[in-house]
Each structure stands twice: as structure tokens, then as C-alpha cells.
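The values are calculated or read from the model by the stated rules, or taken from the named source; none is laboratory data. Keep in mind that this is a model prediction, so the values were computed, not measured. Don't worry about glycine lacking a Cβ; one is built from the backbone with ideal geometry, like all the others, and counts go over all protein chains shown. To get the accessible areas, we keep the full protein, side chains included, count just its heavy atoms, and leave off ligands, DNA and RNA. Shrake-Rupley method; radii C 1.70, N 1.55, O 1.52, S 1.80 Å.
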Amino acid sequence: MALRRSIYKSPAQLRAMVEPGLITAAALEAARALVAPGVTTLELDAAASALITARGAKSNFQMVRGYRHTICSSVNEEVVHGIPGDRVLAAGDILSIDAGAEFKGWNGDSAFTIVLPDDERPDVVAERQRLSDVTEGSMWAGIAALATAKHIGEVGTAIQSYIEANSPASGTYGILREYVGHGIGRKMHESPSVFNYRVPDPGPEVRPGLVLAIEPMVVIGDQATFVEDDGWTVSTVDGTAGSHWEHSVAVHDDGIWVLTAPDGGAAGLAPFGVTPRAIA
Ligand code: MG
Ligand code: MG
């Protein structure tokens, strides 16, 4: 019988996950600061990489077999797992950046979406910004649900409900089904799966020691996707734009704390009446 690691971490292990979370947040901020028309996605990758190295950490994406970069950069109809390269960002693009750092053997994982301004296509920008806002809101709804949930399944229910309630009148956004959130700790990807939609199985119990990467992947049109010829990039079949937001979140004795947000998630959780508690 294989020895299986518990999905629940000790208080000392949770404390060890604070620094990799903060380094992950700083790496994403370093990339975000450069986002502008004319910049290549490889330049964003270099900025995130430099930050992680400067903090004495390692890119955990580079430890994924076959992947050589620090970030994933997914543009427009690409939803997740886009590879940084010589693609030049343009006005009106919607860009999702995903990254993670490993520090002293513990991992962080986080992602955000940004829409580049475009004076000539305000309607396109507004449509994409709404998608990003609703995706981000659904992530916070899922994190807020975790604060009081008995089982992990309640997170996915909250995410899907938020998306259904906030989609435009023109049609409900699609939620990717093939890609989900996950436990995180010694490895970037651990058990259990964290679905972004309602599932019949309530899933494992929520109790102190649980650390989850909650990461809704949402598209304007149909949720169907395919993997591009590069073997990584996940794009929508119907060509509509996608958004991806992610945070690593710890459940501990005093409450929840968003490890990959410098404020622990205070701003994002405030609309849901949840106050994060620092890990003592
Ligand atoms: Mg990620
Ligand atoms: Mg993840």
C-alpha cells in the first residue's frame, strides 16, 4: 500500500507556506507591472523569474515535466497554460498570467487576468473586463465559501452560483470542466481536486490544515476547449475569450488566510463579509 500524505497540514507546515505564497504574489506583481502593448510574454516571464530568483526561491512551473518557463501567459481565446514567447501584447488583449514559487520545499500558486486598454474598441474591452471581473468575483466567492464550508464541494457550488448570477444577459459564461483547482503543499499539485462547479460528491471535510489552490477558468462562450499544437496551450473551440484567477488559501485554527495575497485576501473577501485571519 502506498503511503499517502494527509491533505491536512500541521500549524508549523502552514507557517512554512506563508513565504512561498508571498513570493508568488510578488512574482506576479513583477510581471503585471510590465504589461503594456508592445511587450512580449517572454519579457513578462523574465521579470517573474528574476523576482523568484532574487527571493531565494525556485519556479515550481519549471519543475513540471517538459515545461521550461516561470509563468503561463494565456492571451484572448487561450484560457490557461499558454507558453511565454515572442508574442507581442496588443491593445484590447485579455491576458491571464499564472505562476508559482517553491521556497524551502513549500509551494505557492496564483494567477490573475488583465485587460489592456483599447480606445478604438471600448465594447470589446468592456466585454472582456466583465469576464475577468466575474471570474475574479467567483474565485472570491469560492474562497469565502471555504471559510464556513463543511466540505470542499461547497466551494465549487459557490463559484458556479456566482458565475450564473453575474453572467451577461446575452448568455451564461462557460466554466472549464477538464481543469480544476487542487491541494497544494510540498508539491504544487496535490489532492484533493477543487471543482469550479457543482458536483454530487461533497468531497473531503474542510478543517484546519487544508490548503487549496482555488482557480476558476471561465470563458465568454462555450466551455469546450482543445490543446494547441504546442502541447500546452488550452484554447476555446468557439474562439471566445477566457479568464483565469487563482489563489492558494489556508484553513487554520483561527479562520482562513489567502497565502498568495499580501493582505491575506482582506479586500477580496470584504464584499462577502469574511475577514481573513493571519496564521499565528
Ligand atoms: Mg496556477
Ligand atoms: Mg493551480
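Taking the Cα centre of the chain as the origin and placing charges on Cβ (Lys, Arg +1; Asp, Glu -1), which of T24, S73, S161 is farthest toward the positive end of the dipole?
The Cα lying farthest towards the positive end belongs to T24.
Can you list residues from other chains, or at least 5 along the same chain, whose modelled amide H is less than 5 Å from the amide H of G85?
Long-range HN contacts for G85: T41, L42.
Starting from the Cα-Cα distance between K187 and R15, subtract it from 0.36 nm times their residue separation and give me the gain in nm to one decimal.
Once the chain is fully extended between K187 and R15, it gains 60.3 nm.
Ignoring ligands, DNA and RNA, what percent of the accessible area of the stretch 1-93 is carbon or sulfur (1.4 Å)?
Taking all protein chains in place, the stretch 1-93 shows 56 percent carbon and sulfur surface.
Is the shape of the stretch 119-176 best called rounded, prolate or oblate, per the rule: a/c under 1.5 gives rounded, else a/b larger than b/c gives prolate, else oblate, with a ≥ b ≥ c the square roots of the Cα gyration tensor eigenvalues?
Taking the square roots of the gyration eigenvalues as a ≥ b ≥ c, the stretch 119-176 is prolate.
In what sequence, largest accessible area first, do H69, H244 appear using a 1.4 Å probe?
The ordering from most to least exposed comes out as H69, H244.
Can you give the accessible area per residue of the chain, in Å², using a 1.4 Å probe?
I get 43 Å² per residue for this part.
Of N60, G174, A50, which is farthest on the positive side of the dipole of the chain, counting Cα position, with +1 on Lys and Arg Cβ, -1 on Asp and Glu Cβ, and the Cα centre as origin?
Farthest towards the positive pole: N60.
Would the chain count as rounded, prolate or oblate if I go by the C-alpha gyration tensor, calling it rounded below 1.5 in a/c and otherwise prolate when a/b exceeds b/c, oblate otherwise?
It comes out oblate by the Cα gyration axes.
For the chain, what does the helix formula give at 222 nm: sum of -39500 (n - 2.57) over DSSP H segments with n ≥ 4, over the residue count, nearest 500 deg cm²/dmol?
-9000 deg cm²/dmol
How much length would be gained if the chain were fully extended between R65 and R207, taking 0.36 nm per residue of separation minus their Cα-Cα distance, in nm to one decimal?
Answer, rounded to one decimal: 47.9 nm.
Just to verify a number: FRET efficiency for E178 and D133, C-beta to C-beta distance, R0 = 30 Å, to 0.05?
0.80
So, by mean Cβ neighbours within 10 angstrom, what's the order for 145-156, 269-280 with the highest one leading?
145-156, 269-280
Step through the residues of the stretch 196-208 one at a time and calculate ³J(HN,Hα) from phi using the Karplus curve (6.51 cos²θ - 1.76 cosθ + 1.60, θ = phi - 60°), rounding each to whole Hz and writing x for Gly and Pro.
Computed from phi, the couplings for the stretch 196-208 are 9, 7, 5, 10, x, 6, x, x, x, 5, 8, 8, x Hz.
Can you compute 3J(HN,Hα) from phi for each residue in the stretch 129-135, using the Karplus curve 6.51 cos²θ - 1.76 cosθ + 1.60 with θ = phi - 60°, rounded to whole Hz and x for Gly and Pro?
Computed from phi, the couplings for the stretch 129-135 are 5, 4, 4, 5, 4, 5, 5 Hz.
Can you list the HN-Hα couplings for the stretch 111-121, worked out from phi with the Karplus curve (6.51, -1.76, 1.60; θ = phi - 60°), rounded to whole Hz and with x for Gly and Pro?
Each residue's phi maps through the Karplus curve to give 8, 9, 10, 9, 10, 7, x, 8, 4, 8, 9 Hz.
Find which of G38, S243, Q129 sits farthest along the positive direction of the dipole of the chain, computed with +1 on the beta-carbon of Lys and Arg, -1 on that of Asp and Glu, about the Cα centre.
S243
Run the numbers for F226 and D123: contour at 0.36 nm per residue of separation, minus the present Cα-Cα distance, in nm.
Stretched out fully, the F226 to D123 stretch lengthens by 34.4 nm.
According to a simple spin-label model (label point 7 Å from Cα along Cα-to-Cβ), what is the distance in nm between V237 and E164?
Result for the modelled spin labels: 2.2 nm.
Calculated FRET efficiency, L42 and A280, Cβ-Cβ r, R0 30 Å, to nearest 0.05?
According to the calculation, E is roughly 0.15.
How far apart, in nanometres, would the label points at A267 and R198 be if each is projected 7 angstrom from Cα along the Cα-to-Cβ direction?
Simple spin-label model gives 3.3 nm for this pair.
What ranking, highest mean first, results for peptides 76-83, 157-164, 137-144 when packing means the other Cβ atoms within 10 Å averaged over each residue?
137-144, 76-83, 157-164
If packing is taken as the average count of other Cβ atoms within 10 Å, what order do 104-112, 169-177 fall into, highest mean first?
Ranking the peptides 104-112, 169-177 by packing returns 104-112, 169-177.
Taking the Cα centre as origin and putting +1 on Lys and Arg beta-carbons and -1 on Asp and Glu beta-carbons, what dipole magnitude results for the chain, to the nearest 20 debye?
1400 debye
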